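Input: a single structure, listed below in structure tokens.
All of the numbers you see were taken from the coordinates with simple rules; none came from a lab. Keep in mind it's a predicted model, so treat the numbers as computed, not measured.
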Amino acid sequence: MTKIKKIDHIGIAVKNLDEAIKIWEGLGLKVDEIEEVPREKIRAAILHVGESRIELLEPTDENSAIAKFIAKRGEGIHHLALGVENIEEHMKDLKEKGYRLIYEEPKEGAGGARITFVHPKSTGGILLELCERKE
């Protein structure tokens with residue numbers, strides 16, 4: 001299996017990005033960028049914490065995965081993302097071991113990362129994102 005480099009980020013589903021930013025900035029963190037990811041139907045605020053990030057995720061469409069998550073579970077932690085060196089190799093290895101992937105091919109995520117998700121039914125209830133970034 002390819003190397004897992006770090007916890008890349010924690011994705012947090014929020015109803016209102018501006019209100020969430022106020023909360024996190026009040027805690028002493030700084031928003032480094034805000035990005036819209038049309039394919040995922042979200043706006044994301046990126047806050048760096050050491051080598052990792054927190055991504056505040058606001059839905060831009062009521063049919064987005066984030067909007068559905070909030071409707072079902074409320075605001076809160078949506079996923080944990082692990083930084084990997086070679087996403088294709090990692091995906092192949094996980095498939096061979098029987099893990100269920102949500103995307104069969106890597107997609108483009110926030111910050112230009114190549115991503116896929118491992119279904120929560122394969123990981124004890126945690127939505128896990130694999131994330132490959134050009135460093």
**Request:** Determine the percent antiparallel among the DSSP beta bridges restricted to the chain, to the nearest 5.
**Result:** 75
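Multiply the residue gap between K97 and S122 by 0.36 nm, knock off their C-alpha separation, and tell me the result in nm, one decimal place.
My answer for the length gained is 8.0 nm.
Give K72/K134; K92/K121; K6/K92 a once-over and call out the pairs whose C-alpha atoms are over 29 Å from each other.
On the way: K72/K134 34 Å; K92/K121 18 Å; K6/K92 20 Å.
Listed pairs above 29 Å: K72/K134.
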